[in-house]
Amino acid sequence: DAKTTQPPSMDCAEGRAANLPCNHSTISGNEYVYWYRQIHSQGPQYIIHGLKNNETNEMASLIITEDRKSSTLILPHATLRDTAVYYCIVRVASNTGKLIFGQGTTLQVKP
Amino acid sequence: DVKVTQSSRYLVKRTGEKVFLECVQDMDHENMFWYRQDPGLGLRLIYFSYDVKMKEKGDIPEGYSVSREKKERFSLILESASTNQTSMYLCASSLGSGLAVNEQFFGPGTRLTVL
């Protein structure tokens, strides 16, 4: 699985878009980008994943650069409940087994 | 609503006790996982199972065993609890194939303290 790099922390004002970057410069052609988040004292929660096209669901949007070496998770209107640690994971879709959660980005949404 | 439940939210045990942590999922998932999470170390995989009665060691299986007698239930057993097993234990499940195999659904966690 390719290595990912994320900033350790970010702040965002409530109601504004939160843009969380992830660098995965060694990503292979068959590896997907997955995003999870973990709210304090809860288990991680799957958010979204993508291969090369931008993806959107009810929780967030995922923008992957054309060279696939980086991506951005966008929470369009951040709320206080979005305060969490956000993890970017790169993985071959067909592989089962452990997910490697790095240190992630701690997003603090402020009123 | 899909759900992964864990038997206890908080648990306090004494050194040397046998401890059972139970996880149940209602999504008919093939894969089930046990992780532990410690500050500064992130999530580490203890064991996973891809089918009933099947199990695979993760990164840190020492001191643990697992049981999967039914598809929906995956138990983690600490044969003789030690203080270094004080941790947050997280169970997860996922489908066994296809693109959703890495969409793992996690339970709320069990915070185990071994005295």
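The values are calculated or read from the model by the stated rules, or taken from the named source; none is laboratory data. What you see is a predicted model; the values in this text were computed from it and never measured. In this analysis, Cβ positions are derived from the backbone assuming ideal geometry, glycine residues included, and neighbour counts consider all displayed protein chains.
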Of everything in the stretch A:24-73, what is more than 27 Å from B:Val4 (Cβ to Cβ), not in a strand (DSSP E or B) and not hydroxyl-bearing (Ser, Thr, Tyr)? Give them in sequence order. A:His24, A:Ile27, A:Gly29, A:Asn30, A:Lys52, A:Asn53, A:Asn54, A:Glu66, A:Asp67, A:Arg68, A:Lys69
For the stretch A:72-99, which positions are at pLDDT below 80 and of a type in the set (S, T, N, Q)? A:Ser94, A:Asn95, A:Thr96
Of (1) surrounded by 13 or more Cβ atoms within 10 Å (Cβ to Cβ); (2) at pLDDT below 95; (3) farther than 23 Å from B:Arg111 by Cα, A:Ser61 satisfies all except one. Which? (2)
Matching residues, the stretch B:27-48, being buried (at least 20 other Cβ atoms within 10 Å of the Cβ) and either in a loop (DSSP other than H, G, I, E, B) or among the small types (Gly, Ala, Ser) (or both): B:His29
For the stretch A:18-56, give me each residue that is closer than 25 Å to B:Gln37 by Cα, more than 10 Å from chain B (Cβ to nearest Cβ) and either among the small types (Gly, Ala, Ser) or exposed (fewer than 15 other Cβ atoms within 10 Å of the Cβ) (or both). A:Ile39, A:His40
Every residue from the stretch B:18-66 that is farther than 15 Å from B:Ile77 by Cβ, at pLDDT 95 or above and of a type in the set (Val, Ile, Thr): B:Val24
Residue that is nearest to B:Ser7 (Cα to Cα) [pool: residues in the stretch B:52-111 that are more than 12 Å from chain A (Cβ to nearest Cβ) and among the aliphatic types (A, V, I, L, M)]: B:Leu76
Report, ordered by the first and then the second residue, all pairs with beta carbons closer than 6 Å, sequence separation of six or more or different chains, a first member in the stretch B:49-71 that is outside any loop (DSSP other than H, G, I, E, B), and a second member that is aromatic (Phe, Trp, Tyr). B:Ser49/B:Phe74; B:Glu56/B:Phe48; B:Val66/B:Tyr47; B:Arg68/B:Phe74
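For the condition on the phi < 0 side of the Ramachandran plot, in contact (Cβ under 8 Å) with a residue 12 or more places away in the chain and touching an Asp or Glu at 6+ places or on another chain (Cβ under 8 Å), what is the one hit in A:Leu62, A:Leu99? Don't jump to the end; show me each part of the working.
Working: A:Leu99 fails: touching an Asp or Glu at 6+ places or on another chain (Cβ under 8 Å).
Only one candidate passes the filter, namely A:Leu62.
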